[in-house]
Amino acid sequence: MSRTAVDKAKALHARHLDMGIPVDVETLAQAEGCEVIDYPFLEPVKEVKRGKWIGVARGISPAERRHLIAHALAHHLMHCGNQLAFHRHQQGELSRQEREAEVCAAHILMPGDSLAAVIGLSTSEIAEYFGVPEELASKRVSEYATPEEIEQWREACDEYASI
């Protein structure tokens, strides 16, 4: 898990305190100088980030759209250059930059404070609450969680169990 990715997401939320849940990632991207464009990409391309432009494939689910925009925004915040996403074909070993963008996107869409309030829900309920794909919610509460979050969640579970 990349601390830099988590820190970038936290700094983004600190700059935009008025973002509710689910996070309005399109407004957030615009506030950070990006423009989201719907584009008729052909499979397997789902998202392209080039300069300030974030191209997102037409016809995808709202949850996947939010995830892809957050992913591209994470690249915008963290990495130089242009990125092209073949999400279905990148399921194997992700490059360091792709993994950092995924961690950052998960923390953008599911901020720690808001996640702590619903951590007892199932993964599918968490995904629905935040408007994200279930796979991203699952990773956010496991491999993308910070050590501090895990400790906080354990303490909350211990307190609940002792009642």
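The values are calculated or read from the model by the stated rules, or taken from the named source; none is laboratory data. Values in this document were obtained by computation on a predicted structure and should not be read as measured data. So basically every Cβ, Gly included, is an ideal-geometry build from the backbone, and we count neighbours across all protein chains shown.
Observations on the structure shown:
- Residue that is farthest from His76 (Cα to Cα), among those in segment 39-49 that are surrounded by 16 or more Cβ atoms within 10 Å (Cβ to Cβ) and charged (D, E, K, R): Lys46
- All positions within segment 17-38 that are within 16 Å of Gly112 (Cβ to Cβ) and surrounded by 14 or more Cβ atoms within 10 Å (Cβ to Cβ): Met19, Ile21, Pro22, Val23
- Counting the residues of segment 36-61 that are part of a loop (DSSP other than H, G, I, E, B), modelled with pLDDT of 95 or more and among the aliphatic types (A, V, I, L, M) gives 1.
- Leu42 being of a type in the set (A, V, I, L, M) and under 13 Å from the mean Cα position of the chain (by Cα): no
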